[in-house]
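Presented below is the structure to which this report refers.
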Amino acid sequence: PNNNNGTDSGTNSVTGKIGNASNFDGNADYIAINDSYNSNSESETTVSAWIKTAQAGNQIIASFDRNEYWRLEVNGNGGGDGEIGWDLLTSGGQIDFGSSTRIDDDTWRYVTGVYNNGSVEIYIDGILDASTTQGATFGTGNTRFGFVGVGSEASTFDGNQGPSNNFNGDIDEFRISDVARNADWIRTE
């Protein structure tokens, strides 16, 4: 991850998929993101990262508070053991959605969650894995700051965390976009 817009709590630099990556210990490592969500409604977002983990249990890749905006995770509320969960609070209610493909094989996997005007999609290694629909927009309008590697309930930068299902493995090339990227863009990243 690019730490120019955040604070790193102690991750170690390791060889990544592209250049260096951050290694998270599964206990206390995280990166606080110094950008926030605070509009009343969002209609599009794309969240993507290269991840490498051998753990099947609950792990948060990144979060801007599942109950306020979104969370991308392994297992958790949306996915099953070793699957990707993509959770959002939409205008149609909370959605906790999961992939059908497991990613806990200790190899680099490219995971992407897309929200596009109610369309909810999860891509694994550039291929659409699961999709559904719910709500035309997402987000509450409350200010939330995010984290990579742990859950967020933060209304201030590097504020409250939760849940503390810390990521255990490596994360590289983490990205958030305020547009819904199409399948061609995701396949070429």
First in the range 175-189 and under 23 Å from ASN34 (Cβ atoms) and open to solvent by 70 Å² or more (accessible area, probe 1.4 Å), second anywhere and modelled with pLDDT of 95 or more and not β-branched (Val, Ile, Thr), Cβ under 6 Å, 6 or more apart
ARG175/SER48
Residue by residue through the range 144-174, note down the ones that are open to solvent by less than 50 Å² (accessible area, probe 1.4 Å) and farther than 30 Å from ASP105 by Cα.
ARG144, PHE145, ALA154, GLY159
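Return the only residue of ASP35, ASP65, ASP8, ASP105 being at pLDDT 95 or above and closer than 20 Å to GLU153 by Cα.
It is ASP65.
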Is there a residue being without any contact (Cβ under 8 Å) to a residue 60 or more places away in the chain and over 11 Å from ALA62 (Cα atoms) anywhere in the range 134-148?
yes
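Out of all the residues in the range 49-82, which are of a type in the set (D, E, K, R), over 27 Å from GLY19 (Cβ atoms) and surrounded by fewer than 24 Cβ atoms within 10 Å (Cβ to Cβ)? Explain how you work it out, then say what you get.
Just the residues of the range 49-82 that are of a type in the set (D, E, K, R), to begin with: 52, 65-66, 68, 71, 73, 81.
Imposing the further condition that a residue be over 27 Å from GLY19 (Cβ atoms) reduces the set to 65-66, 68, 81.
Once the filter is applied, which keeps residues that are of a type in the set (D, E, K, R), over 27 Å from GLY19 (Cβ atoms) and surrounded by fewer than 24 Cβ atoms within 10 Å (Cβ to Cβ), the range 49-82 yields GLU68, ASP81.
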Reported set for the range 122-143 where residues are open to solvent by less than 40 Å² (accessible area, probe 1.4 Å) and either assigned to a strand (DSSP E or B) or aliphatic (A, V, I, L, M) (or both) is ILE122, TYR123, ILE124, ASP129, ALA130, PHE138
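So, in the range 32-62, how many residues would count as being in a loop (DSSP other than H, G, I, E, B) and closer than 20 Å to ALA183 by Cβ?
Going residue by residue through the range 32-62, those that are in a loop (DSSP other than H, G, I, E, B) are 38-41, 43, 53-58.
Then drop every residue that is not closer than 20 Å to ALA183 by Cβ, which leaves 43.
Here the count works out to 1.
The values are calculated or read from the model by the stated rules, or taken from the named source; none is laboratory data. In this text the structure is predicted, and so the values were computed from the model without any measurement. Using ideal geometry, Cβ is built from the backbone for each residue, glycine included, and neighbour counts are taken over all protein chains shown. Note: accessible area is taken over every heavy atom of the protein model, side chains too, but ligands, DNA and RNA are not part of it. Shrake-Rupley method; radii C 1.70, N 1.55, O 1.52, S 1.80 Å.
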